Amino acid sequence: MQETAKCLAIMHDYAQSTGLVDGSAAPRRYLWTDAFAVCNFLGLYRLTGRQIHLDSARRLVDQVHFVLGRYADNDWRSGWISGLDEQAGYEHPTAGGLRIGKKLPERQAHEAFDDRLEWERDGQYLHYLTKWMQALTRMAMVTGETRYHRWALELARAAHAGFTYRPMVGPARRMYWKMSVDLSRPLVTSMGQHDPLDALVAYLEIRANGIPDGDSGEGTELGDELGDEIADCQAMCAGRGWATDDPLGTGGLLADTFCLAQLPVGADWWEPLKLSSLLADCLAGVAAFVRSGVLRAPATHRLAFRELGLAIGLHAIERWSDLSAQQAGEFVATEEEQTQLESLAGYRDLPAAIEAFWLQEEHQQADSWRDHLDINRVMLATSLAPDGYLLVG
């Protein structure tokens, strides 16, 4: 319960300072942070039953769509980035994707590429969009409202169409890492290591949680149409390795693997993935982080949100034992997989150590914390109460 109370306090401060509840403050929205925040509010709603947390999640979704679904104030363009008129934009706010929320405008076509500056410029990231798809899917499951599922589905279609392309060599499509705000041109042409997997997991979750809509007549499974997108991602995932020495990436891999394991058993969704291979890559990443010595460094030399991403992923290991009961015995780990899960469980004290470090006031005074304040505190809240983010449905 102490963790829940800390999560509540952090999310209250976040809502106040980013303009979510104070109408006099200009909203400060950032897609990655806000996706975790929606899941946090949903988790708090489930834990406490208090309507205020569900209301916060609804308000945040609407605000993200209105702010990040439209061109920024410092852009020469205006309106919805999808090009839709005002009314259609309100009804389909994700049809053109969503901006990252960076302060600097995107790099123009005539401007030279600057690797350092590109991190500060706006645009669209696929791995941010997939996080928002999952947040919308969780909203649909908690509220039973089809509009959230429809927005997730429309975002998946727009993102896949904008980010994927067929290279001149090779049969499988590839993905750009960063696109322009209007999805018309790539800003970074390389493919993120985990982007195909993140997309596959998000698409599968959308399809698995299609909600019948008896009122609108939209059909019984809104997600059925993602078959081509899923097939593309499966092809891109074939033969790839996922191990990374980036703790945030390893945490995301742990969360993706746990999400896949929660989906219904019996479909071909795991192809071409293999659970034992994913777990092996997770183990390699966690071990690499521990060996790096980062945990012995001062706060000024550490990045909280990257470490907390790993902590969140490791919290999934604590929840694997519940899968069989939740899925009526459908999920059964092989002997090899069970051994790997037990090895990962050996790091069970790591999340608490990371959380305790960043909960200390003196460490939150470091520039490394204050320079990334919103994302640091929201991911700390997620790590303290992770079920809203980790549990599917």
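The values are calculated or read from the model by the stated rules, or taken from the named source; none is laboratory data. This is a predicted model, so every value here is computed, not measured. When we count neighbours, we look across all protein chains shown, and the Cβ atoms used for this are built from the backbone with ideal geometry, even at glycine.
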- [ ] Kindly list the number of the only condition in (1) free of Cβ contacts under 8 Å to residues at least 40 places away in the same chain; (2) touching a Gly at 6+ places or on another chain (Cβ under 7 Å) that fails for His149.
- [x] (1)
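Condition first: more than 16 Å from the chain's Cα centre (by Cα) and buried (at least 24 other Cβ atoms within 10 Å of the Cβ). Can you find one or more residues in region 124-133 that meet it? I'd like the intermediate steps shown before the answer.
Initial filter on region 124-133 (more than 16 Å from the chain's Cα centre (by Cα)): none.
No - not one qualifying residue is present in region 124-133.
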TODO: Six or more apart or on different chains, Cβ under 6 Å: which pairs go from a residue in region 55-68 that's surrounded by 17 or more Cβ atoms within 10 Å (Cβ to Cβ) to one that's aromatic (Phe, Trp, Tyr) and assigned to a helix (DSSP H, G or I)? Could you list them?
DONE: Ser56/Phe41; Ala57/Phe41
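Any chance you could count how many residues in region 365-379 are farther than 28 Å from Ile206 by Cβ and of a type in the set (A, V, I, L, M, F, W, C)?
Going through region 365-379, the residues farther than 28 Å from Ile206 by Cβ turn out to be 365-373, 376-377.
With the extra rule that they be of a type in the set (A, V, I, L, M, F, W, C), the set shrinks to 366, 369, 373.
Going through region 365-379 one residue at a time, the tally reaches 3.
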Open item on the list: Could you go through region 56-66 and let me know if any residue there is aromatic (Phe, Trp, Tyr), over 25 Å from Ala5 (Cα atoms) and modelled with pLDDT of 95 or more.
Closed with: yes
- [ ] May I ask you to list pairs of residues, at least six apart or on different chains, whose Cβ atoms are under 9 Å apart, with the first in region 71-89 being over 18 Å from Leu104 (Cα atoms) and the second being surrounded by 17 or more Cβ atoms within 10 Å (Cβ to Cβ) and among the acidic types (Asp, Glu)?
- [x] Ser82/Asp182; Gly83/Asp182
Task: All positions within region 155-170 that are at pLDDT 95 or above and surrounded by fewer than 21 Cβ atoms within 10 Å (Cβ to Cβ) - done: Arg157, Ala161, Tyr165
Open item on the list: When you scan region 94-110, do you find a residue that is outside any helix (DSSP H, G or I) and among the polar types (S, T, N, Q), even just one?
Closed with: yes
- [ ] Can you tell me which residue among Arg107, Arg70 is in contact with an Asp or Glu (Cβ under 8 Å, 6 or more places away or on another chain) and among the basic types (Lys, Arg)?
- [x] Arg107
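Specify which of the listed residues (Ser368, Ser321, Ser343) is loosely packed, with under 14 Cβ neighbours inside 10 Å, out of contact with any Cys (no Cβ under 8 Å at 6 or more places or on another chain) and in a helix (DSSP H, G or I).
Every option except Ser321 fails the conditions.
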Task: Single unsatisfied condition, Gln338 versus (1) modelled with pLDDT of 95 or more; (2) over 25 Å from the mean Cα position of the chain (by Cα) - done: (1)
